[in-house]
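Here you go, one structure.
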Amino acid sequence: MTVLVTGGAGYIGMHTVAELVAHGEPVVVVDDLSTGHWPAGLFDVPFYSLDIQDGEAVGTVMARHGVDAVVHFAAKSLVGESVRDPLLYYERNVAATAQLLRAMVRQGVRRMVFSSTAAVYGHPGRVPIQEDDPKQPVNPYGETKLAIERMLRWGGDAYGISAISLRYFNAAGAHPELPIGEDHRPETHLIPILMQVALGQREAVTIFGSDYDTPDGTCVRDYIHVMDLASAHRLALERLRRVDAGVEVYNLGTGSGHSVLEVVRVARSVTGHPIPVAFGPRRAGDPAVLVASPARAQAVLGWRPRYTGMEDMVSTAWRWHKSHPEGFGTAGGP
Ligand code: UFG
């Protein structure tokens with residue numbers, strides 16, 4: 001029983017590969033390396049540089065390795081890019097996942113853990129957000145992830161596929177021991193940007209909006225450590241193998257919100273750098289507050305986030321950025 005991880009060379013995918021390998025799970029990775037970085041030699045798992053749209057090649061990998069479940073990360077995931085080029089997101093997220101599911105059906109693989117997002121909720125009507133709250137995405141990224149969740153529901157009925165969609169809130173941090181972490185090009189996420197300022201790679205961080213209806217006027221997010229996301233994928237996989245789960249969705253967050261200014265303060269204390277800030281206009285599409293109710297994942301999956309403090313997230317991110325100032329591009333590799 002081998003797990004196929006698509007997008008296993010991306011940030012969350014790679015940490016999940018590390019988690020599965022650490023638990024003795026046989027893994028095979030497929031990634032087209034369009035945005036990911038595969039740390040060759042770090043994991044003793046087969047790696048295929050493939051686009052999941054090539055259903056035939058992916059099917060061959062499934063058959064060769066005796067795959068019984070797919071953990072599906074491979075996707076485009078930048079909100080701004082999705083607004084500029086929505087068709088890219090329909091092609092690379094929705095259509096590509098249809099190809100992947102087609103390959104699964106052909107190969108008799110009937111379990112999928114799917115990488116979804118809090119972006120499916122859009123501007124939430126209440127916080128903490130529960131899974132059954134209204135889904136009204138405000139950008140094509142969230143819309144295409146929601147379309148895939150629905151594709152899985154219909155596919156579950158039609159082809160007998162069991163699927164668990166995991167809606168991540170704000171993934172943060174890095175592996176506490178292995179040389180892997182967050183490396184997006186371009187970088188748009190708050191914590192890696194703060195690390196870049198602390199490394200002297202940027203002058204300052206621009207805070208997008210200071211007049212939100214929040215205690216300090218800056219946006220509040222539910223940051224969740226990437227290792228805790230990884231353990232949730234392992235638990236979801238265990239559940240799919242244990243019970244005929246049908247199609248389920250879970251929020252993954254800690255249930256606590258942190259404002260942008262709070263994160264900046266923690267980053268200053270962890271790095272010892274003053275991290276200058278400039279206040280800029282709001283960024284289009286940013287909800288004021290996004291905080292998860294993780295109650296369902298806790299009750300049903302038995303998931304318990306371990307790295308719940310903002311210090312845990314920022315200090316593991318800092319460890320990675322300090323030792324890899326050029327990310328995976330650092331000479332000598334990971
Ligand atoms: N922010 C700044 N300045 C920056 C970067 C970010 O002020 O230079 C702020 C943002 O406005 C936001 C917060 O920091 O309030 C976090 O921003 P990120 O870009 O790190 O994360 P997002 O909340 O925008 O995005 C995350 C995921 C997306 C997902 C989205 C909604 O990365 O994939 O949550 O769930 F779509």
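Where the second residue is basic (K, R) and surrounded by fewer than 19 Cβ atoms within 10 Å (Cβ to Cβ) and the first is closer than 15 Å to A297 by Cβ and lies in region 115-140, which pairs have Cβ atoms under 6 Å and are six or more apart or on separate chains?
Final answer for the pair search is E131/R296.
In addition: Among the numbered conditions (1) under 24 Å from K76 (Cβ atoms); (2) within 12 Å of the ligand (Cβ to nearest atom); (3) surrounded by 22 or more Cβ atoms within 10 Å (Cβ to Cβ), tell me where T188 comes up short.
Evaluating T188 over (1) under 24 Å from K76 (Cβ atoms); (2) within 12 Å of the ligand (Cβ to nearest atom); (3) surrounded by 22 or more Cβ atoms within 10 Å (Cβ to Cβ) leaves (3) as the failure.
To continue, here is another question. Away from the ligand (no atom under 16 Å from the Cβ), crowded, with 21+ Cβ neighbours inside 10 Å and on the phi < 0 side of the Ramachandran plot: which single residue out of A96, A118 fits that description? Show your work before the answer.
Numbers: A118 fails: away from the ligand (no atom under 16 Å from the Cβ).
Going through A96, A118 in turn, the sole match is A96.
Each row is one residue, and each column tells you yes or no for (1) more than 16 Å from the ligand (Cβ to nearest atom); (2) exposed (fewer than 14 other Cβ atoms within 10 Å of the Cβ).
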position	(1), (2)
I275	no, no
P281	no, yes
A284	no, yes
P287	no, no
V291	no, no
V300	yes, no
V314	no, no
A317	no, no
E326	yes, yes
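If we only count helices (runs of 4 or more DSSP H) wholly inside region 1-99, which ones have 1 or more residues that are out of contact with any strand residue (DSSP E or B) (no Cβ under 8 Å at 6 or more places or on another chain) and among the hydroxyl-bearing types (S, T, Y)? Step through it out loud before you land on a result.
Details: elements: 11-22, 55-65, 79-84, 86-89.
Because the criterion is at least 1 residues that are out of contact with any strand residue (DSSP E or B) (no Cβ under 8 Å at 6 or more places or on another chain) and among the hydroxyl-bearing types (S, T, Y), the helices (runs of 4 or more DSSP H) in region 1-99 that meet it are 55-65, 79-84, 86-89.
Now, a different point. Can you name the strands (runs of 3 or more DSSP E) wholly within region 200-267 that have at least 1 residues being more than 26 Å from G7 (Cβ to Cβ) and either touching a helix residue (DSSP H, G or I) at 6+ places or on another chain (Cβ under 6 Å) or away from the ligand (no atom under 13 Å from the Cβ) (or both)? Let's see the steps before the verdict.
On the way: elements: 205-208, 223-225, 247-252.
The strands (runs of 3 or more DSSP E) meeting that bar are 205-208.
Another question, then. Return the pairs, sorted by first residue and then second, in which the second residue is within 14 Å of the ligand (Cβ to nearest atom) and of a type in the set (D, E), the first residue lies in region 213-241 and is within 27 Å of G302 (Cβ to Cβ) and at pLDDT 95 or above, the beta carbons are less than 6 Å apart, and the residues are 6+ apart or on different chains.
Within 6 Å, no pair qualifies.
The values are calculated or read from the model by the stated rules, or taken from the named source; none is laboratory data. Remember, it's a predicted structure, so these values are computed and weren't measured experimentally. In this analysis, Cβ positions are derived from the backbone assuming ideal geometry, glycine residues included, and neighbour counts consider all displayed protein chains.
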